[in-house]
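Written below as structure tokens is the structure these notes are about.
Only the coordinates and a few stated rules stand behind these numbers; no lab work does. Here the structure is a predicted model, which is why all the values come from computation and not from measurement. Cβ: placed from backbone, ideal geometry, glycine included. Neighbour counts: every protein chain shown.
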Amino acid sequence: MSKIDNEAIKKEHKKRQENFEEDDINSVLEDEESIKAKFENKGKLQRYMDDAQLLFNLLRDYAKGNYREVPFNVIAAIGGALLYVLSPLDLIPDFIPIIGYLDDAAVIAFCLNLIEKDLISYKIWKKQRS
């Protein structure tokens with residue numbers, strides 16, 4: 001990911017996070033299959049498939065009111081990152097062979113790092129419910 005400017009990734013993610021509203025959660029969930037399809041067999045993105053599922057589960061539990069032990073800015077960080085992956089026109093357009101998904105992977109990695117503690121808490125909560 002050294003080919004991608006980390007400051008540009010942070011700036012892009014922050015912009016999408018700030019523009020994300022509670023009503024946008026349902027849009028992300030409606031686009032779940034399309035977003036997850038971009039993770040499948042896409043090089044660097046493929047390694048985040050399990051994480052993407054966890055992010056969708058958290059969004060779904062938040063939207064249903066089952067899990068509200070997380071501040072909305074974490075939900076916005078997740079939603080913004082997932083919508084970024086869906087967007088074909090981003091820092092590196094997806095149609096560019098080989099490197100088109102590097103920025104998507106960088107945004108997901110940045111988001112996962114940013115919300116790591118909240119994801120751990122969610123995993124514990126989820127495990128206790130099962």
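Overview of values
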{"read-out": "Between 0 and 90°, nearest 10: helix 102-114 axis offset from the chain longest Cα axis", "value": "30 degrees"}
{"read-out": "Exposed-loop-free span, longest in the chain, where trypsin sites (Lys or Arg not before Pro) count as exposed if DSSP calls them loop and at most 14 other C-beta atoms lie within 10 Å", "value": "69-130"}
{"read-out": "Cα-Cα separations in the chain greater than 26 Å, expressed as whole percent", "value": "16 percent"}
{"read-out": "Violating pairs (Cα-Cα greater than 28 angstrom) within the set LYS42/LYS64; LYS15/LYS127; LYS11/LYS42", "value": "LYS42/LYS64; LYS15/LYS127"}
{"read-out": "Dipole of segment 6-129, positive end: most advanced residue of CYS111, GLY100, ALA81 [Cβ charges, Cα centre]", "value": "CYS111"}
{"read-out": "Of the GluC sites (Glu not before Pro) in segment 10-109, those whose Cβ has at most 14 other Cβ within 10 Å and which sit in DSSP loop", "value": "GLU21, GLU22, GLU40, GLU69"}
